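Below you'll find the structure, written out as C-alpha cells, and then a few comments.
The values are calculated or read from the model by the stated rules, or taken from the named source; none is laboratory data. Here the structure is a predicted model, which is why all the values come from computation and not from measurement. No Cβ is skipped: glycine too gets one built from the backbone with ideal geometry, and neighbour counts run over all protein chains shown. Accessible surface is based on the protein model in full, side chains and every heavy atom, while ligands, DNA and RNA are left aside. Shrake-Rupley method; radii C 1.70, N 1.55, O 1.52, S 1.80 Å.
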Amino acid sequence: MIIKNKKIVTDDWVVLRLNEQESAENVTVAEGKMIVPLQVWLQQRDALQQRAEIGVWLSSAERPEDLKDDLNRFSVIAVDFPKFSDGRGYSIAYNLRARLGYTGELRAIGDVLRDQLFYMQRVGFDAFA
C-alpha cells in the first residue's frame, strides 16, 4: 500500500534494489511494473526503453538532469530517502517538477515519515511509500 494523491491505494509497482552481487550492467529486470535504479536505466537503456511499464528511482546523491531526455518515458519516478534527515530528495523533486517539467507520478521511497508528507507534497511529490 502507498499514499497516492492523498489516498491509500494498492501499489502494483516493484522497486528494484541491487544486492552486493549484482551490478547495473548485469542485473535482470523482471517483467511487470518495475522501478529501476537510475544506474540500471543508464546501463540497460536500449533494452528497457522498449518496455511500457518501467519507472526509475534516484538516490539522494544522483542528479535528475541525467533523465532530462527520457522524462516522457516514465509514468513514475521515485526519489529514495536513505534516512529521514537527508533533505537532498526535496531538491531533486523540485528540479524534476519546476526545472525539468516532469508531470508524471513522483514518489518518495525509503525512510519517509508521515510528518514530512506535507513538505514533500509542496515540492512536487504526489505518492509516498
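Here is a check on your reading of the model: is Ser60 farther than 24 Å from Thr103 by Cβ and either among the polar types (S, T, N, Q) or surrounded by 11 or more Cβ atoms within 10 Å (Cβ to Cβ) (or both)?
Criteria not met by Ser60.
Identify, from the list Ala127, Ala108, the residue that is of a type outside the set (Lys, Arg), touching a strand residue (DSSP E or B) at 6+ places or on another chain (Cβ under 6 Å), surrounded by 18 or more Cβ atoms within 10 Å (Cβ to Cβ) and touching a residue at least 60 places away in the same chain (Cβ under 8 Å).
Answer to the selection: Ala127.
Any residue in region 17-26 that is open to solvent by less than 20 Å² (accessible area, probe 1.4 Å) and either more than 17 Å from Tyr102 (Cα to Cα) or at pLDDT 95 or above (or both)? Steps first, please.
Going through region 17-26, the residues open to solvent by less than 20 Å² (accessible area, probe 1.4 Å) turn out to be 24.
Then keep just the ones that are either more than 17 Å from Tyr102 (Cα to Cα) or at pLDDT 95 or above (or both); that gives 24.
Within region 17-26, one or more residues are open to solvent by less than 20 Å² (accessible area, probe 1.4 Å) and either more than 17 Å from Tyr102 (Cα to Cα) or at pLDDT 95 or above (or both).
To keep it simple, each residue is scored yes or no on (1) touching an Asp or Glu at 6+ places or on another chain (Cβ under 6 Å); (2) of a type in the set (S, T, N, Q); (3) open to solvent by less than 30 Å² (accessible area, probe 1.4 Å); (4) under 17 Å from Pro82 (Cα atoms).
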site: Glu31; (1), (2), (3), (4): no, no, no, no
site: Met34; (1), (2), (3), (4): no, no, yes, no
site: Gln43; (1), (2), (3), (4): yes, yes, no, no
site: Ile54; (1), (2), (3), (4): no, no, yes, no
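Does Arg88 satisfy the condition of being open to solvent by 70 Å² or more (accessible area, probe 1.4 Å), out of contact with any strand residue (DSSP E or B) (no Cβ under 8 Å at 6 or more places or on another chain) and not hydroxyl-bearing (Ser, Thr, Tyr)?
So Arg88 fits the description; yes.
Please indicate, with yes or no, whether at least one residue in region 68-86 is of a type in the set (A, V, I, L, M), more than 12 Å from Gly110 (Cβ to Cβ) and in a strand (DSSP E or B). Steps first, please.
Kept after step one, since they are of a type in the set (A, V, I, L, M), are these residues of region 68-86: 71, 76-79.
Going one step further and asking which of them are more than 12 Å from Gly110 (Cβ to Cβ), we end up with 71, 76-77.
With in a strand (DSSP E or B) added as a condition, the list becomes 76-77.
Yes - at least one qualifying residue is present in region 68-86.
Are any residues in region 71-85 among the charged types (D, E, K, R) and crowded, with 16+ Cβ neighbours inside 10 Å, and if so, which ones?
Arg73, Asp80
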